[in-house]
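One structure is given here, and the rest of the page talks about it.
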Amino acid sequence: MMNERYAQLSSVQWWRQDLLKTARAIVVGAGALGNEVVKNLALLGWGTVVLIDFDRVESGNLGKSVLFTEKDIGRPKVVAARAAAARINPDCTVVPLDGELRAVAGAGLFARMDVAFGCVDNAAARIALGQLAGLTGCLFVDGGLTAWEGVLRLYAPDDTSPCYGCTLTEEDLADLTLRHSCLAYARRAQYGQGVPTTALGASVTAALMVQQAVKWIHDDPETLPVPVGEEIRVDLADDRYFRIALPRREDCWLHPRTSSPAPAPADWDRADTDWAGLLSSWRDATDQPDAVLRLPMELNARVTCLQCGAVRAVDHIQASSGSPGDKDNSCSECGGRTVPDLSNVVTGDETWTGLSPRATGFPPWSWVQAGLLGVDTVVHLELPGAPPEPELAGLDPRGRK
Ligand SMILES: [Zn+2]
Ligand SMILES: [Zn+2]
């Protein structure tokens, strides 16, 4: 039954509301741009929107965030945005994930989405997003803003197009290293707070981003071509619009290779209590007693003092996507600076293999790589267990173009 709400949309020649109704998108960043993207998706009756951000609403956000009001100050941005989207259109299900991208979204979540919208403002978050979307075959629509410019870039889930890494300059890479050296700085700069922007730029850019996603969902390249591998730049000061082909660099070290998880080994679902159980399940299934698991994030199990060399076990072992952590890790013996001993391989000898993936900070549907040490393997396995959100738990991975 067609809702009156969409009567006018359905008279657009190629428009198919049924496709939008079942479409799924992930939106990373609930700043000015993320607000506008979610607003547009809700108005159009987009089926499922997973919204990710770790920030709280501040009064300074109200001048350019259509989904937030005074009453939302102090609330998680994703929670406030969900309430507003429900008022705009109850047909659109917004699922809020309050946290850092890598901590709340496993690759398997992206494998269940059609489009990933990047509404972030720094290279580290874009790299993480590009990797997850590229690995799992999800269109990555990356938006960016300055006060007088809107930019979007479209990265296709295939092995011949440019990826986000292909477009990084030496300057970007230096910036990335700088950010990684100070977590507090990276956190402040992560989502839409660094560069002065206006509601106008966000609105224009988000409209272009969602329009590309709508075309992509219709999957009709003749009538509705999607400029994958291109950048679209809108100059709002001089009223100019550019389309630029992005380069594919053969020496790019970030190029994701699209994959799907291998069939889970026997007992995999019952092995979800700890890493040791998962490892032995894979070893038994493949008859490879030396097989290891490679994790998508690093674990910090112990720290070594740079001054006296003392080694100390870390109390709360947690996965990290690359930042060293902002906790005080000074040496308990001499007070000197310590360095973390990071590892992302499960060989069975680690002190933490009795812990579960969840307890060590891996979100549901994370993908791990399985294989032999020294062998460059690309067999991915999805961790057992579904997300606690009922709207997500039932989503199946879908076939990709
Ligand atoms: Zn690349
Ligand atoms: Zn020491």
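The values are calculated or read from the model by the stated rules, or taken from the named source; none is laboratory data. Not measured: the values here are computed from a predicted model. For neighbour counting, all protein chains shown are included, and Cβ atoms are generated from backbone atoms with ideal geometry for every residue, glycine included. Keep in mind that these areas ignore ligands, DNA and RNA; they rest on the heavy atoms of the full protein, side chains included. Shrake-Rupley method; radii C 1.70, N 1.55, O 1.52, S 1.80 Å.
Would you please give the residues with an amide H less than 5 Å from that of Glu149, counting only those at least 5 places away or on a separate chain, with H modeled from the backbone geometry?
Sorted by chain and number, the residues that satisfy this are Leu236.
Could you order the peptides 111-119, 207-215, 26-34 from most to least packed, using the average number of other C-beta atoms within 10 Å per residue? Please report the intermediate quantities before stating the final value.
Details: 111-119: 26.4, 207-215: 20.6, 26-34: 28.0.
Packing order, densest peptide first, comes out as 26-34, 111-119, 207-215.
Defining a contact as two alpha carbons under 8 Å apart and six or more residues distant in sequence, what relative contact order in percent does the chain show?
On the way: 827 pairs, mean separation 62.8, N = 401.
Here the relative contact order equals 16 percent.
FRET efficiency for Asn344 and Ala207, Cβ-Cβ distance as r, R0 = 56 Å, nearest 0.05? List each step's numbers first, then the result.
Numbers: r = 40 Å, r/R0 = 0.71.
In this case the efficiency is close to 0.90.
Scanning the chain for helices, which whole DSSP H stretches are 18 Å or more long along the axis (Cα) and average 0.5 or more by Kyte-Doolittle? Show your work: numbers first, answer last.
Details: long enough: 32-44 (19 Å, 0.95); 123-136 (20 Å, 1.10); 199-218 (28 Å, 0.94).
For the chain, where a helix must reach 18 Å along its axis and average at least 0.5, the hits are 32-44, 123-136, 199-218.
Could you give me the percent of Cα pairs per 5 Å distance bin for region 249-392, shortest bin first, beginning at zero and ending with the bin that holds the maximum distance?
Using 5 Å bins, I get a P(r) of 2, 9, 17, 19, 17, 14, 11, 8, 4, 1, 0 for region 249-392.
With every protein chain left in place and a probe of 1.4 Å, what is the accessible surface of Thr198, to the nearest 10 Å²?
Taking all protein chains as shown, Thr198 has close to 50 Å².
Looking at region 3-35, which chymotrypsin sites (Phe, Trp or Tyr not before Pro) are DSSP coil and have at most 10 other C-beta atoms within 10 Å of their C-beta?
Details: sites: Tyr6, Trp14, Trp15; in loops: Trp14, Trp15.
For chymotrypsin sites (Phe, Trp or Tyr not before Pro) across region 3-35 that sit outside H, G, I, E and B with at most 10 neighbouring Cβ atoms in 10 Å, the list reads Trp14.
222 nm [θ] for the chain, helices only, -39500 (n - 2.57) per DSSP H run of 4+, per residue, to 500? Walk me through the intermediate numbers first.
Numbers: 11 runs with 108 residues, N = 401.
Using -39500 (n - 2.57) per qualifying helix, the result is -8000 deg cm²/dmol.
Given the Cα-Cα distance of Trp253 and Leu224 and 0.36 nm per residue of separation, how much length would full extension add, in nm? Provide the component values of the computation, followed by the final result.
On the way: separation 29, 0.36 × 29 = 10.44 nm, distance 3.20 nm.
That works out to 7.2 nm of additional length.
I need the per residue convex hull volume for region 40-86, using only the alpha carbons, in cubic angstrom as a whole number.
Values: hull volume 3.3 nm³, N = 47.
Convex hull of Cα atoms, per residue: 69 Å³.
Accessible area per residue, 1.4 Å probe, Å², for the chain: what's the number?
On the way: 18780 Å² over 401 residues.
Roughly 47 Å² per residue, with all protein chains present.
Could you go through region 250-267 in sequence order and give the Karplus-derived ³J(HN,Hα) for each residue, using 6.51 cos²θ - 1.76 cosθ + 1.60 with θ = phi - 60°, rounded to whole Hz, and x for Gly and Pro?
3J(HN,Hα) across region 250-267, in whole Hz: 5, 8, 5, 9, 10, 3, x, 10, 5, 8, 9, x, 5, x, 5, x, 4, 6.
Which log10 I(q)/I(0) values does region 1-104 give at q = 0.21, 0.23, 0.25 Å⁻¹ under the Debye formula, counting every alpha carbon as one identical point scatterer?
Here the Debye-derived log intensity ratios amount to -1.00, -1.14, -1.28.
Mind listing the long-range amide H neighbours of Leu51? Cut-off is under 5 Å, sequence gap 5 or more, other chains count too, H placed in the peptide plane at 1.01 Å from N.
Val27, Val95, Leu97
Could you please state, rounded to a whole Å, how far the C-alpha centre of region 51-67 is from the C-alpha centre of region 83-140?
About 17 Å separates the Cα centre of region 51-67 from the one of region 83-140.
Thr169 to Leu200: extension gain in nm, 0.36 nm per residue of separation minus the Cα-Cα distance? Show your work: numbers first, answer last.
On the way: separation 31, 0.36 × 31 = 11.16 nm, distance 2.81 nm.
Computed gain between Thr169 and Leu200 is 8.4 nm.
Taking the Cα atoms of region 4-245, report the difference between the largest and smallest coordinate on each principal axis, in whole Å and largest first.
52, 46, 42
Among 80-93, 144-157, 123-136, how do they line up by average Cβ neighbours within 10 Å per residue, starting with the highest? Walk me through the numbers on the way to the answer.
Working: 80-93: 18.5, 144-157: 21.2, 123-136: 23.9.
My ranking of the peptides, most packed first, is 123-136, 144-157, 80-93.
Share of the chain's accessible area from carbon and sulfur, percent, 1.4 Å? Display every interim value, and only then the final one.
On the way: 9590 of 18780 Å².
C and S fraction of accessible area: 51 percent.
Which residues' amide hydrogens lie under 5 Å from the amide hydrogen of Glu298, considering only partners 5 or more residues apart or on another chain, with H built in the peptide plane?
Ser320, Gly322
Once the piece of chain linking Val375 and Leu62 is laid out straight, how much longer is it, given 0.36 nm per residue of separation minus the C-alpha distance between them?
Working: separation 313, 0.36 × 313 = 112.68 nm, distance 5.17 nm.
Extending this stretch completely gives an extra 107.5 nm.
Which loop GluC sites (Glu not before Pro) in region 1-107, with loop taken from DSSP, have no more than 14 other Cβ atoms within 10 angstrom of their Cβ? Walk me through the numbers before you get to the answer.
Values: sites: Glu4, Glu36, Glu58, Glu70, Glu100; in loops: Glu58, Glu100.
Listed in order of number, the matching sites are Glu58.
Rounded to the nearest 0.05, what FRET efficiency do Ala266 and Ala393 give with R0 = 25 Å and r taken as the Cβ-Cβ distance? Could you check?
Numbers: r = 23 Å, r/R0 = 0.92.
For R0 = 25 Å, the calculated efficiency reads 0.65.
Using Cα springs under 10 Å in a Gaussian network model of the chain, which residue among His380, His218, His316 shows the largest mean-square fluctuation?
With Cα springs under 10 Å in the chain, the top fluctuation among His380, His218, His316 is at His316.
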